[in-house]
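J.: Shown below is the structure under consideration.
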Amino acid sequence: RHSLWKQNLSKWHKAALLLYVYYALCQFLMVYSTYIFAFDETKGPPVPTPATWKIVLAILFILIAIVLVGAYYSRLPRWLVATSIFLFLGWIIWSAYSSMFVKHTFQRDAPTLWMLGAGALVYLEMRDRAWKPKLGYWPRTLVVLLFILTVFATVYYPHIMSKWGGGAPLSVAITLSKDAPDHGGQVVACSLIDETDSGFYVIGSGDRHATFIPRAEVSLVHFADRNEPSVFNTQK
């Protein structure tokens, strides 16, 4: 058990503090989620860039608030601290739930919601289970695991970057031969989906369907972006 449980605090205050620590750890781990998940882009009017003096004032205000809270934390009513933490985390959870299930967008707070939910289920299991090999405990545990796997498979797995499964298209610049019926001799920037002995399956920017280019109509394939400098890719 954490040493916090030994302090002379109410259970709600202890739970709020430990829950906030767990949330902070989740946020730290979720920094790496940008390398795993493909998040949806937020659509809306462009937000004006704040002036430098506004940013400086905001940073100073945050630093002063942190110093004041640290200095007068022991004097604050315990119920106020616990209530503030629960309200803050409640707002975070509702915002993530609203983004995923109301607005149907996958934002950066979705992995944090997953870790909070999984952590809550694990806590309930650890609290209620006697951790003995009794048959009566395992059916409920199996139901919980199936529920977690189902949520992950249906909500989170479709947003994992395709490169983790080896299915990410490759950026290529294909130089068509002069005998090609369309765009002969031109360089076409596209994404390579598959390559066979007969030709290449590619997809252009904004296309919803792939295009097959016979190998006889291709004179050069540059496996990189079209604008990347290369002695084999001089055409623009």
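J.: Do you know which residues across region 89-104 are free of Cβ contacts under 8 Å to residues at least 12 places away in the same chain and more than 22 Å from Tyr157 (Cβ to Cβ)?
T.: In the first step, residues of region 89-104 are kept if they are free of Cβ contacts under 8 Å to residues at least 12 places away in the same chain; the result is 90-91, 94, 98-99, 101-104.
The answer is Gly90, Trp91, Trp94.
J.: Another question, then. Just to be sure I understand, how many residues within region 188-212 are out of contact with any strand residue (DSSP E or B) (no Cβ under 6 Å at 6 or more places or on another chain) and either surrounded by 11 or more Cβ atoms within 10 Å (Cβ to Cβ) or modelled with pLDDT of 85 or more (or both)?
T.: Here is the first cut: in region 188-212, the ones out of contact with any strand residue (DSSP E or B) (no Cβ under 6 Å at 6 or more places or on another chain) are 195-198, 205-209.
Then keep just the ones that are either surrounded by 11 or more Cβ atoms within 10 Å (Cβ to Cβ) or modelled with pLDDT of 85 or more (or both); that gives 195-198, 207, 209.
Residues flagged as out of contact with any strand residue (DSSP E or B) (no Cβ under 6 Å at 6 or more places or on another chain) and either surrounded by 11 or more Cβ atoms within 10 Å (Cβ to Cβ) or modelled with pLDDT of 85 or more (or both) within region 188-212 amount to 6.
J.: Quick one: what pairs do we get from region 1-18, first residue of a type outside the set (Asp, Glu), second open to solvent by 100 Å² or more (accessible area, probe 1.4 Å) and modelled with pLDDT under 75, C-beta under 6 Å, 6+ apart or different chains?
T.: Every condition considered, the pairs that remain are His13/Arg78.
J.: Go through the residues of region 121-139 one by one and say whether even a single one is β-branched (Val, Ile, Thr), modelled with pLDDT under 80, open to solvent by less than 70 Å² (accessible area, probe 1.4 Å) and within 27 Å of Leu89 (Cβ to Cβ). Break it down into steps so the answer makes sense when it comes.
T.: Of region 121-139, the ones β-branched (Val, Ile, Thr) are 122.
Those left that are additionally modelled with pLDDT under 80: 122.
Cutting the leftovers down to open to solvent by less than 70 Å² (accessible area, probe 1.4 Å) gives us none.
No - not one qualifying residue is present in region 121-139.
J.: Still on this structure, please answer the following. Cβ-Cβ distance below 7 Å, separation of 6 or more or different chains: which pairs start in region 150-166 with a residue that is at pLDDT 85 or above and end on one that is in a helix (DSSP H, G or I) and not aliphatic (A, V, I, L, M)?
T.: If the second residue must be in a helix (DSSP H, G or I) and not aliphatic (A, V, I, L, M), the pairs left are Tyr156/Trp114.
J.: Moving on to the next point. Find all pairs meeting these conditions: Cβ atoms under 6 angstrom apart; at least six residues apart or on different chains; first residue within region 21-36 and within 16 Å of Ala96 (Cα to Cα) and surrounded by 13 or more Cβ atoms within 10 Å (Cβ to Cβ); second residue at pLDDT 80 or above and small (Gly, Ala, Ser).
T.: If the second residue must be at pLDDT 80 or above and small (Gly, Ala, Ser), no pairs are left.
J.: Among the residues of region 172-187, is any modelled with pLDDT under 85, closer than 30 Å to Thr105 by Cα and open to solvent by 40 Å² or more (accessible area, probe 1.4 Å)?
T.: No, region 172-187 contains no residue that is modelled with pLDDT under 85, closer than 30 Å to Thr105 by Cα and open to solvent by 40 Å² or more (accessible area, probe 1.4 Å).
The values are calculated or read from the model by the stated rules, or taken from the named source; none is laboratory data. Source: prediction; values computed, not measured. Counting neighbours? That spans all protein chains shown, and the Cβs are built from the backbone with ideal geometry, glycine included. Note: areas computed on protein heavy atoms with side chains; ligands, DNA, RNA excluded. Shrake-Rupley method; radii C 1.70, N 1.55, O 1.52, S 1.80 Å.
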